[in-house]
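Reviewing the structure listed below.
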Amino acid sequence: MKRFDLRHLKNDFYDRMLELLDKQISDGETAIIIFEIGDFENVQKSADVVYENGYTLMNSIKFTEVDWTLVIKKVKPEPRAVEEDETAKEEGK
């Protein structure tokens with residue numbers, strides 16, 4: 001498990017987060033990412049970015065009044081419920 005502090009990047013931490021996950025974390029390993037909340041939409045966007053790039057978000061919690069922590073595992077995520085419903089509809093055609 002490795003911990004990365006990206007608070008100094010403010011709202012521009014996504015590319016660095018993905019770079020760290022790709023290059024610094026081994027398959028099956030877990031990373032802890034800390035970032036500054038800034039605009040609260042960063043919380044949902046970070047979860048979406050993690051999922052869309054093939055990682056599993058294990059936990060997402062408020063760390064302090066201004067900081068947020070993500071616990072990310074470098075394993076392929078399970079399909080979201082919406083995706084499962086769409087797949088079932090397509091197979092039923």
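Quick check, is Ile25 over 22 Å from Arg80 (Cα atoms) and either under 10 Å from the mean Cα position of the chain (by Cα) or modelled with pLDDT under 95 (or both)? Here the answer is no, as Ile25 does not meet what is asked. Of all residues in the range 1-12, those that are within 11 Å of Ile37 (Cα to Cα) have Cβ atoms under 6 Å from Cβ atoms of residues that are assigned to a loop (DSSP other than H, G, I, E, B) and modelled with pLDDT under 95, 6 or more apart or on another chain, in Lys10/Gly38; Asn11/Gly38. With respect to being more than 18 Å from Val71 (Cβ to Cβ) and charged (D, E, K, R), Lys23 fits the description.
Restricting attention to the range 31-71, the residues that are assigned to a strand (DSSP E or B), of a type in the set (S, T, N, Q) and either in contact (Cβ under 8 Å) with a residue 60 or more places away in the chain or closer than 13 Å to Phe13 by Cα (or both) total 1.
A quick yes/no check of all residues on (1) aliphatic (A, V, I, L, M); (2) in contact with a strand residue (DSSP E or B) (Cβ under 6 Å, 6 or more places away or on another chain); (3) loosely packed, with under 11 Cβ neighbours inside 10 Å:
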{"position": "Arg7", "(1), (2), (3)": "no, yes, no"}
{"position": "Asn11", "(1), (2), (3)": "no, no, no"}
{"position": "Lys23", "(1), (2), (3)": "no, no, yes"}
{"position": "Ala31", "(1), (2), (3)": "yes, yes, no"}
{"position": "Gly38", "(1), (2), (3)": "no, no, no"}
{"position": "Lys45", "(1), (2), (3)": "no, no, no"}
{"position": "Met58", "(1), (2), (3)": "yes, yes, no"}
{"position": "Leu70", "(1), (2), (3)": "yes, yes, no"}
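The values are calculated or read from the model by the stated rules, or taken from the named source; none is laboratory data. Bear in mind the structure is a predicted one, so any value in this text is a computation, not a measurement. Cβ: placed from backbone, ideal geometry, glycine included. Neighbour counts: every protein chain shown.
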